[in-house]
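Trainee: Have a look at this one before I ask anything.
The values are calculated or read from the model by the stated rules, or taken from the named source; none is laboratory data. Keep in mind that what you see is a predicted model, and the values were worked out from it rather than measured. Don't worry about glycine lacking a Cβ; one is built from the backbone with ideal geometry, like all the others, and counts go over all protein chains shown.
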Amino acid sequence: MSEPVRVLLVEDQYFFRLALRTTIESRQDMIIVGETGKGAEALPLCREHRPDVVIMDLRLPDISGFEAIAAVHAELPAIGVLVLSNYEGSEDVHRALAAGALAYLTKDASAEELVSAILSVRNRRRYIPVSVSALLAQRLPGSELTDRELDVLRLLAKGHSNRETGELLGIAENTVRIHVSHILDKLGVADRTQAVVLAIQRGLVHMD
């Protein structure tokens, strides 16, 4: 019999983590070698336990799952990361895969699909369900926003005016207007309200 798949859980919701543990521990071909609710602890635990697969949430209380994925992938690329998140925007999927994740599931995935994804990641194969692939297809070429444009967009989503946004970011109000114009062009929308709605749908902005 081959060695069981070694799994590390990075999930801050206790009861959801308990459900994951129950599903995984019910199988003879998988074991949980560690778990945490903090993104910053993912890399140290990977160094310690050397899991085959890390199941990673994206919304964590300290650093984001995106940052944790990138840290693990940069130092320990042989460890496969499977994202399991409530974030369902095309930008979330793109960012997670770009950071180094091999699989992306939403939290309503079935236990059978979770197991299939874990086994795929263990074998260094991508696992992207059709529904998630459809989200990726929504991304338009050339629509990537710069870090500064994302800063501006997040403040617009919070209801700040151009003047307030400029003060908070330490840039001129006219510079903010230029950034807003670029944001509208890249997202293919006519005004700020449409930009914010689309940004939330795509996962560029999270209202939480």
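Trainee: Identify, from the list SER120, SER110, SER116, the residue that is touching a strand residue (DSSP E or B) at 6+ places or on another chain (Cβ under 6 Å), surrounded by fewer than 20 Cβ atoms within 10 Å (Cβ to Cβ) and modelled with pLDDT of 90 or more.
Mentor: Result of the check over SER120, SER110, SER116: SER120.
Trainee: Additional query: Which members of the stretch 23-56 meet the condition of being among the hydroxyl-bearing types (Ser, Thr, Tyr) and either in contact with a Pro (Cβ under 6 Å, 6 or more places away or on another chain) or more than 24 Å from LEU97 (Cβ to Cβ) (or both)?
Mentor: If the condition is that a residue be among the hydroxyl-bearing types (Ser, Thr, Tyr) and either in contact with a Pro (Cβ under 6 Å, 6 or more places away or on another chain) or more than 24 Å from LEU97 (Cβ to Cβ) (or both), then SER26 is the only one that fits.
Trainee: Quick check on my filter: what residues within the stretch 36-59 are over 18 Å from the mean Cα position of the chain (by Cα) and either on the phi < 0 side of the Ramachandran plot or of a type in the set (A, V, I, L, M) (or both)?
Mentor: PRO44, LEU45, CYS46, ARG47, GLU48, HIS49, PRO51, ASP52, listed by residue number.
Trainee: Search the stretch 64-75 for residues being crowded, with 16+ Cβ neighbours inside 10 Å and over 10 Å from the mean Cα position of the chain (by Cα), and hand back the single one that is nearest to ARG95 (Cα to Cα).
Mentor: This residue is ALA70.
Trainee: Now for a different question. Pick from the stretch 43-99 the residues that are out of contact with any helix residue (DSSP H, G or I) (no Cβ under 6 Å at 6 or more places or on another chain) and among the basic types (Lys, Arg): which of them is nearest to GLU144 (Cα to Cα)?
Mentor: ARG59
Trainee: Are there any pairs with C-beta distances below 7 angstrom linking a residue in the stretch 5-22 that is without any contact (Cβ under 8 Å) to a residue 60 or more places away in the chain to a residue that is of a type in the set (S, T, N, Q) and surrounded by 16 or more Cβ atoms within 10 Å (Cβ to Cβ), with the two at least 6 apart or on different chains, and if so which?
Mentor: Hits for this filter: VAL10/THR36.
Trainee: Sticking with this one: Return the pair list, or none, for Cβ contacts closer than 9 Å from residues in the stretch 191-208 that are at positive phi to residues that are part of a helix (DSSP H, G or I) and surrounded by 14 or more Cβ atoms within 10 Å (Cβ to Cβ), at least 6 apart or on different chains.
Mentor: GLY203/SER90; GLY203/GLU91; GLY203/ASP92; GLY203/VAL93; GLY203/HIS94; GLY203/ARG95; GLY203/LEU135
Trainee: Sticking with this one: Suppose we keep only residues that are outside any helix (DSSP H, G or I) and more than 23 Å from the chain's Cα centre (by Cα) within the stretch 22-35. Which one would you say is farthest from SER64 (Cα to Cα)?
Mentor: Restricting to residues being outside any helix (DSSP H, G or I) and more than 23 Å from the chain's Cα centre (by Cα), the top hit is GLN28.
Trainee: Let me ask something else about it. On the basis of being in contact with a helix residue (DSSP H, G or I) (Cβ under 7 Å, 6 or more places away or on another chain) and either part of a helix (DSSP H, G or I) or not assigned by TED's automatic domain parsing to the domain that holds LEU76 (or both), does ALA19 make the cut?
Mentor: No.
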